[in-house]
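Worksheet for the structure shown next.
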Amino acid sequence: MTSRILASGAAAAVLALGVTACGSDSSDDTTTGGSSSAGGATIASKFIFGGAAEFKTRGDGLDGLKRNYGVEFGKFRVTDTGGPVTVNALKNGQVDAANVFSTDPAIKANGFVILADPKSNFAAQNVVPIITKSKASDGVKTTLDGISAKLTTAGLSDLVSKVQVDKEDPDAVAKGWLSQNGLSSAGTAAKGVKLTVGSANFPENVVLAEIYAEALKAQGASIKTKLNIGSREKYYPALKSGSLDLFPEYSGTILTYLDKKATASKPDDVYTALQAALPSNLTALNKSDAQDSDTVVVTKATADKFGLKTIADLAKPAE
Amino acid sequence: MTVLADSTSSSPLHFAQYFLDHSSEDLRLLWSHTWLSVVPVVIGLLIALPLGWTARRYRWTYPPIISITGLLYTIPSIALFVMVPPLLGLDTLDPLQVPIALTVYSVALLVRVVADGLASVPEDTVQAATALGFRPVERFFKVELPIAVPVIAAGLRVAVVSNVSIVAVAGTIGLSNLGQLFTQGFQLSTPDAYYPPIVLGIVLCVLLAVVLDLAVVGLNRLLTPWRRAVPS
Amino acid sequence: MIADVVTWLTDSSHWTDTKFDTGIWTQLLAHLKFVGIALAIALLIALPLGLFIGHTRRWGWLVAGANALRALPTVGVLVLLTVIISPHFQGRTDTGFLIPTEIVLVLLAVPPILSNTYAGVQNVEPGIRDAAFGMGMTGPQVLLRVEFPISLPLIFSGVRSATLQLIATATVASYLPLGGLGRFIYDGLAQQDYPQMIGGGVLVAALALLTDLVLATIQRYVVSRGITRRFSSKQAVPDSRIAAVHETDGAHA
């Protein structure tokens, strides 16, 4: 079911909202949340939602879910950015639905169900390198475009799974992927360029940053890395001010971060809107086909119990 | 559900293997951790010396100096780390934020140590030195400070050892040091616990704390040769 | 910047719970709960142990051992214990995060209380102790009626520094993530909401100050005047060993 929903959402963004199995056990104690809203008890109003702190303030976070689907959760619990805390909280029943990334191997491993996002609350999330314009020489562009051309959603899931499940090193995984895709040959395309590559604090982003870094290094660039920096709210100012030069980004979220009112949802529209929204010193290179969306997920048991298929179902009245 | 190769075993005892597999990265983290633990204490001591001396020399300054520095010490480290960049106009990722914050703590801790250490110098010793013709500044560096060394060293031991722990806190907000081993291990602990980086981080932190502690003890012995002459 | 922090702190909507945001009052209570539980357990462990070791002069290595605990990186132990313990707790409970937090906090609070209690009892003048025995007091009587009251100032100093460390370190619980005042710091950081983040820091510092003030007041009423005169903080500390004990108050995380 997970994969079907993922496939159907491929054109637009997929929002995986996971519902956990244990939520059903504890739905009785969720008295804290529900009934406070005048609209009566929707399913969502009985739920505790788990996500990173910034999900409360992001345009496509709680506000977006309310605006697009009329979904208002009973409570919000701060966990982490789609990491182990979020996954475990969902698995163990501390939250009933959570914000997890669609490429997370934990979704499959735990049988979480991604709730479809027909209204594209989460815009298309193509992996795209954001770079300081002055550092984007032709050689650097060619190298990074080569990577984007080979990156696919399935490939991305594979990369994450190698790091997250097999506990391989991100840099080793990056090197392996480059050589597998014939991108590891040494060259001089980026010779003389000095770049600082950054990453957010989740494994997939770290691997992507390592892929950029290793490929550019092989092309003669002098590379520094600052990985695991934190949330976008934390690293973006550094990118904007030039203390970071290159960052693996997700077209939709960076767009909504830059422009809270952005409405584009299809990959190409998002990409065009993103180029326009970026400050003059930054630019987005070619986007890849690989998507890693924010999703709302629930456990299988919760999905079955409440008959949840899309995020909109959460706004239905609870029995 | 997870098939693990030998080199990636998640057993806690595999931290040594983990270290060998990632030695260059881990040594880099260890080095930056060491640097962050030591330099702020040295700078903190250099700032605390004149402050402590003032608190001792002009008694009325003791209560305000001690309570203001004590106040600084109550600010939680995580808050101080994140407050330093906006307050000083630094970049959010400026690597200086941690040493600056830790220097503040070191000063806060060491001012009282220096003042109390100087207070531990017997009054007759000071008077004897004055009678021998030592001028105040000379007397401070040649008589009072050396005698206060053991007490100051005791404070330095606390400062370096607690710095090792505080620096690791900075790892939770993405700064590069041994604390990152904890965040990495935490992140990789799904679906199952992944101990090696966490245990390795703890082992390296403890080793670092012990080595730095011994270094201060050794320095103390070196600077106070007279104490070895008299059995205590 | 400072004005923004003041605005954040004085905005009454930040003090009470709203649907998605937990207010300052609730987090303050959570913070106090973390600290209170840890302090109570640490006192139960360290106080009797310190009195016993100081009185009998046996097991002195325990004090050294407890002091060695200070070398443990708080965050590392917290993460390790969380990874071990939290999967065992299912459902709407924070117990899986609370237990690791309390263990870490207790580990932090025991050394200063233990070493100060021990040093306090040990530093009681031998003459006083002999006089008490000479009056026919038994060992436990000497400990409880003479050595304990005399060592109270040092014990209080240990408890106060332990409490300060607990209040500062309980913020790390929010990394797990639990509640407490650290929530504002970590959330403010993630949202780049500096007023919230710094406001959280200010609240923790203010809580630490207030608590220390309360403990200082209790100390004034509990400690016998005859003793405070001898150990008055304004008086120069004559014995470098006592001074050193005072200084070990510092560990902080």
Worksheet entry | Residue list for region A:290-313, restricted to those being more than 18 Å from A:T81 (Cα to Cα) and under 14 Å from the mean Cα position of the chain (by Cα) | A:A290
Discussion item. Tell me the residue from C:V146, C:V124 that is of a type outside the set (D, E, K, R), under 22 Å from C:V222 (Cβ atoms) and not in a helix (DSSP H, G or I), please.
Written reply: C:V124
Worksheet entry | Scan of region A:185-227 for residues that are among the polar types (S, T, N, Q) and either out of contact with any Gly (no Cβ under 9 Å at 6 or more places or on another chain) or surrounded by 19 or more Cβ atoms within 10 Å (Cβ to Cβ) (or both), ordered by number | A:S185, A:T196, A:S199, A:N201, A:N205, A:Q219, A:T225
Item to complete: Residues being within 14 Å of chain C (Cβ to nearest Cβ), among the hydrophobic types (A, V, I, L, M, F, W, C) and surrounded by fewer than 21 Cβ atoms within 10 Å (Cβ to Cβ): count how many of those fall in region A:239-276.
Response: 1
Worksheet item: Of everything in region A:85-114 that's among the polar types (S, T, N, Q) and surrounded by fewer than 24 Cβ atoms within 10 Å (Cβ to Cβ), which residue is nearest to the other protein chains (Cβ to nearest Cβ)?
Response: A:N92
Discussion item. Being closer than 30 Å to B:A119 by Cα, modelled with pLDDT of 85 or more and in contact with a Ser or Thr (Cβ under 8 Å, 6 or more places away or on another chain): is that true of B:N163 here?
Written reply: yes
Fill in: Residue among B:G171, B:G155, B:G201 that is touching an Asp or Glu at 6+ places or on another chain (Cβ under 8 Å) and over 17 Å from A:V163 (Cβ atoms)
B:G155
Practice prompt. Select the helices (runs of 4 or more DSSP H) contained entirely in region B:9-78, then report the ones holding at least 2 residues which are of a type in the set (A, V, I, L, M, F, W, C) and in contact with a Lys or Arg (Cβ under 9 Å, 6 or more places away or on another chain).
Written response: B:23-57, B:62-74
Worksheet item: Could we say that A:T272 is without any contact (Cβ under 8 Å) to a residue 12 or more places away in the chain, part of a loop (DSSP other than H, G, I, E, B) and not assigned by TED's automatic domain parsing to the domain that holds A:T79 here?
Response: no
Practice prompt. Go over the candidates B:D21, B:D116, B:D94 one by one and state the one that is within 30 Å of A:I107 (Cα to Cα) and of a type outside the set (S, T, Y).
Written response: B:D21
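Table: residues versus (1) farther than 27 Å from B:W35 by Cβ; (2) within 13 Å of the chain's Cα centre (by Cα).
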site: B:E123; (1), (2): yes, no
site: B:A129; (1), (2): yes, no
site: B:F134; (1), (2): yes, no
site: B:E138; (1), (2): yes, no
site: B:P150; (1), (2): no, no
site: B:R157; (1), (2): no, yes
site: B:S162; (1), (2): no, yes
site: B:G171; (1), (2): no, no
Worksheet item: Tell me, which helices (runs of 4 or more DSSP H) lie completely within region C:159-253 with 1 or more residues that are closer than 30 Å to A:Q94 by Cβ and modelled with pLDDT under 85?
Response: C:182-190, C:194-222
Discussion item. Of everything in region C:50-67, what is under 22 Å from the mean Cα position of the chain (by Cα) and surrounded by 15 or more Cβ atoms within 10 Å (Cβ to Cβ)? Give them in sequence order.
Written reply: C:G50, C:L51, C:F52, C:I53, C:G54, C:L62, C:V63, C:A66, C:N67
Practice prompt. Collect the residues in region C:194-208 that are crowded, with 17+ Cβ neighbours inside 10 Å and free of Cβ contacts under 8 Å to residues at least 60 places away in the same chain, keeping them in residue-number order.
Written response: C:M197, C:G200, C:G201, C:A205, C:A208
Discussion item. So for region B:127-137 (the condition being touching a helix residue (DSSP H, G or I) at 6+ places or on another chain (Cβ under 7 Å), within 13 Å of another protein chain (Cβ to nearest Cβ) and in contact (Cβ under 8 Å) with a residue 12 or more places away in the chain), does at least one residue qualify?
Written reply: no
Item to complete: Search region A:104-138 for residues being in a loop (DSSP other than H, G, I, E, B) and polar (S, T, N, Q), and hand back the single one that is nearest to A:L246 (Cα to Cα).
Response: A:S137
Worksheet item: Taking region A:221-243 as the region of interest, how many residues are in contact (Cβ under 8 Å) with a residue 60 or more places away in the chain and farther than 17 Å from A:D145 by Cβ?
Response: 5
Response to the item:
Scanning region B:177-199 for residues that are facing chain A (nearest Cβ under 8 Å) and of a type in the set (A, V, I, L, M) gives B:L188
Response to the item:
Exactly one of B:V169, B:V161, B:V210 is facing chain C (nearest Cβ under 7 Å) and in contact with a Lys or Arg (Cβ under 7 Å, 6 or more places away or on another chain), and that residue is B:V161
Worksheet item: Can we say C:R70 is of a type in the set (D, E, K, R), crowded, with 17+ Cβ neighbours inside 10 Å and within 30 Å of A:A89 (Cβ to Cβ)?
Response: no
Worksheet item: Are any residues in region C:53-110 among the small types (G, A, S), facing chain B (nearest Cβ under 10 Å) and either touching a residue at least 12 places away in the same chain (Cβ under 8 Å) or not in a helix (DSSP H, G or I) (or both), and if so, which ones?
Response: C:S86
Discussion item. Looking only at region A:181-203, count every residue that is more than 30 Å from B:Y195 (Cβ to Cβ) and outside any loop (DSSP other than H, G, I, E, B) and tell me the total.
Written reply: 3
Worksheet item: Could we say that A:A318 is surrounded by 15 or more Cβ atoms within 10 Å (Cβ to Cβ) and aliphatic (A, V, I, L, M) here?
Response: yes
Item to complete: Could you name every one of the helices (runs of 4 or more DSSP H) located completely within region B:123-212 that has at least 2 residues being more than 30 Å from B:S11 (Cα to Cα)?
Response: B:123-131, B:136-139, B:145-171
Worksheet item: What residue, among those in region B:54-112 that are under 15 Å from the mean Cα position of the chain (by Cα), at the interface with chain C (Cβ under 10 Å from one of its Cβ atoms) and of a type in the set (G, A, S), is surrounded by the fewest Cβ atoms within 10 Å (Cβ to Cβ)?
Response: B:A108
Discussion item. So if I check each of A:G82, A:G146, which one is surrounded by fewer than 24 Cβ atoms within 10 Å (Cβ to Cβ) and either in a helix (DSSP H, G or I) or touching a residue at least 24 places away in the same chain (Cβ under 8 Å) (or both)?
Written reply: A:G146
Discussion item. I'm checking my understanding of the structure. Among residues of region C:84-127 that are farther than 29 Å from A:N92 by Cβ and of a type in the set (S, T, Y), which one is surrounded by the fewest Cβ atoms within 10 Å (Cβ to Cβ)?
Written reply: C:S115
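The values are calculated or read from the model by the stated rules, or taken from the named source; none is laboratory data. What you see is a predicted model, and the numbers here were worked out from it, not measured in a lab. When we count neighbours, we look across all protein chains shown, and the Cβ atoms used for this are built from the backbone with ideal geometry, even at glycine.
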